[in-house]
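Read the structure below first, then the notes.
The values are calculated or read from the model by the stated rules, or taken from the named source; none is laboratory data. Please read all numbers here as calculations on a predicted model, not as lab measurements. Positions of Cβ are generated from backbone atoms using ideal geometry, with glycine treated the same way; all protein chains shown enter the neighbour counts.
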Amino acid sequence: MCEDDRIVAELGNKMALLEETLKSHRAAMALNAENTDVRFNTAQVLTSLAEGILESEAQQTAKVPARTLLEEAVDLFTTCLTSQQQEYDKLRTEFAEAQADQAVQEQEGLGQQENVGGASKEEDMETASTASSGPGEWAFVEEPLTPESILETCTAQLSALTTLLSLYDPADLPAIEAKAQYGIKTANSGVPTLIALIRDSPFQKVKDEPTGPTLSIAPPSASEGLETTPKDDALLAVANFEAALAELAYRNGRTTSTQYASFIEGLFAGSIQPPQSPDQNSVYLNALSAYSDALIDLASAIADSPLYDPTSPTFTTSLETQWTALNQAQKILTQLSTGANASLFPPSRLADTFLARGDTELFRFRVALSEGAKPAWANSTNVLVGNAGVYYRGARTYAEKAGKEVVRRTADAKAVVAEVLKDVEGKGAGLVVAKEGWKGKGVEIKRVLEQMVEEGILGRAEAEGVLGLVQ
């Protein structure tokens, strides 16, 4: 229920409920620490808690507690993966032995003997059925483990790792490399092996049947047109994880900005080709979303580089790489949020997409104001900051429809930031007068400004100037 903000609003504080959920899962772990489902679900709760902290607080404040939660989640996902792989290997061996035994029996003609004794077998079954119907006896029915089920664990592990790696500082390189090895093994060996096993697996994942009416508060179209398979999700998780590794390599000075950009382009080149059939729409759109995220992360990493300085000989190249990446990201985000594609997304996802469009425009606004910016960029600042305001207001509208209160507040605060910057750009900081709509939002605006500075969307000076005008 915590996954839907409209439902959780009726129950209480989301983070408090997740904390209570984690306590329940820890109690279950204490009862049966070897249960794979309990481990996996506990890791999911830890991941949700970490994401909630990162959404509601500035990253500098949220980094340590979120990292602690995600480290535990990754460890749990990894132990789940090991257990599942061992269990599946055992199942395959047992299945192969059963097939071999059956073949031997058929050769020896035991099938005819079984037919002769058929009546007595039926009697035995009736007797067993009667005996097992007594009070106090229970049967546990478990679905057989499938490669798809294990792929879902791979996806969860890689997704948690991708977020976790972004929370480490370059000085934490030993810890980063130790954790990254889990994902590298999954990406390079685990996922390809499991995908190869799907077709010939003796056990197939049962497709979930419709469960009937849903709560009216939950939109029935929230997932229409966005169906994906465990294989699709795992492959995308691998790409996102490899993009995170490329960012780490750049931040630790192992690659240049152009090498980093080239890697990201090659990483997603195959997955962002227009689909040949409607069945592949969801895979295509998810890949486009991931590509745009990777491009924005690329621009942020460049902004954090010690070489991101007008006196650096590589500064002009860095600016060019940033602008190209952000320009491409904006094209993708526009493609995702307009026309037929937009109809496939629920309001919550459209809210995130429009929020990203606003961030991308303000990021380009920052680059356009930089020393060394091309004249065409510098001349576009007024348009860029105006567009950002439009996109943030769009994000606010979609967040309201989706009941995503945290996203709504974030979009509303960022819309004010864009409005202030537009007034400053048009009139000059000394002539800007605080508007009625800016009042009472200082705390929220300060929070989003801190996030925008951390992500490189705004420079520290611009952020402090905005904060001074709204407080």
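Tell me yes or no: at least one residue of segment 240-249 is surrounded by 15 or more Cβ atoms within 10 Å (Cβ to Cβ), under 19 Å from Q330 (Cα atoms), touching a residue at least 40 places away in the same chain (Cβ under 8 Å) and in contact with a helix residue (DSSP H, G or I) (Cβ under 6 Å, 6 or more places away or on another chain). The answer is yes; a qualifying residue exists. Taken as a whole, the structure leaves T334 outside the set of residues that are modelled with pLDDT of 95 or more and crowded, with 20+ Cβ neighbours inside 10 Å. Of all residues being of a type in the set (A, V, I, L, M, F, W, C), in contact with a Lys or Arg (Cβ under 7 Å, 6 or more places away or on another chain) and under 22 Å from D5 (Cα atoms) in segment 403-422, which is surrounded by the most Cβ atoms within 10 Å (Cβ to Cβ)? Just the residue, please. Once the filter is applied, the top-ranked residue is A411. Evaluate the following for E361: is it surrounded by fewer than 19 Cβ atoms within 10 Å (Cβ to Cβ) and either assigned by TED's automatic domain parsing to the domain that holds L449 or not charged (D, E, K, R) (or both)? No: the conditions fail for E361. Taking segment 243-345 as the region of interest, the helices (runs of 4 or more DSSP H) fully inside it that hold 2 or more residues being closer than 24 Å to G456 by Cβ are 257-269, 281-304, 315-337. The set of residues in segment 164-196 being touching a Phe, Trp or Tyr at 6+ places or on another chain (Cβ under 7 Å) and at pLDDT 90 or above consists of G183, A187. Among all positions in segment 423-441, there is no residue which is assigned to a helix (DSSP H, G or I), crowded, with 22+ Cβ neighbours inside 10 Å, modelled with pLDDT under 95 and outside the structural domain of G12 (by TED's automatic domain parsing).
Tell me, please, whether a residue that is without any contact (Cβ under 8 Å) to a residue 40 or more places away in the chain and farther than 21 Å from C80 by Cα can be found in segment 25-46. The answer is no, given that none of the residues of segment 25-46 is without any contact (Cβ under 8 Å) to a residue 40 or more places away in the chain and farther than 21 Å from C80 by Cα. Within segment 91-109, residues that are at negative phi and surrounded by 10 or more Cβ atoms within 10 Å (Cβ to Cβ) have Cβ atoms under 8 Å from residues that are part of a helix (DSSP H, G or I) and at pLDDT below 75 in these pairs: Q105/G111, counting only partners at least 6 apart in sequence or on another chain.
Only a single criterion out of (1) assigned to a helix (DSSP H, G or I); (2) in contact (Cβ under 8 Å) with a residue 12 or more places away in the chain is not satisfied by V453, namely (2). When you go through E450, E400, E444 one by one, which is the residue that is outside the structural domain of C2 (by TED's automatic domain parsing), charged (D, E, K, R) and either buried (at least 20 other Cβ atoms within 10 Å of the Cβ) or under 26 Å from A325 (Cβ atoms) (or both)? The match here is E450. So which residues in segment 72-118 are among the β-branched types (V, I, T) and either at pLDDT 75 or above or not in a helix (DSSP H, G or I) (or both), if there are any at all? Across segment 72-118, the qualifying residues are V74, T78, T79, T82, T93. Kindly establish whether L18 is more than 23 Å from S149 (Cα to Cα), hydrophobic (A, V, I, L, M, F, W, C) and within 20 Å of the chain's Cα centre (by Cα). So L18 fits the description; yes.
Residue-by-condition table, conditions (1) modelled with pLDDT of 95 or more; (2) closer than 15 Å to A373 by Cβ:
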site: L288; (1), (2): yes, no
site: D293; (1), (2): yes, no
site: L298; (1), (2): yes, no
site: Y308; (1), (2): no, yes
site: T324; (1), (2): yes, yes
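I296 falls short on exactly one of the conditions (1) surrounded by fewer than 16 Cβ atoms within 10 Å (Cβ to Cβ); (2) under 18 Å from L236 (Cα atoms); (3) β-branched (V, I, T), and that condition is (1).
For E3, are the conditions met, namely being closer than 20 Å to I150 by Cα and not in a helix (DSSP H, G or I)? Considered against the rule, which asks whether it is closer than 20 Å to I150 by Cα and not in a helix (DSSP H, G or I), E3 comes out as no.
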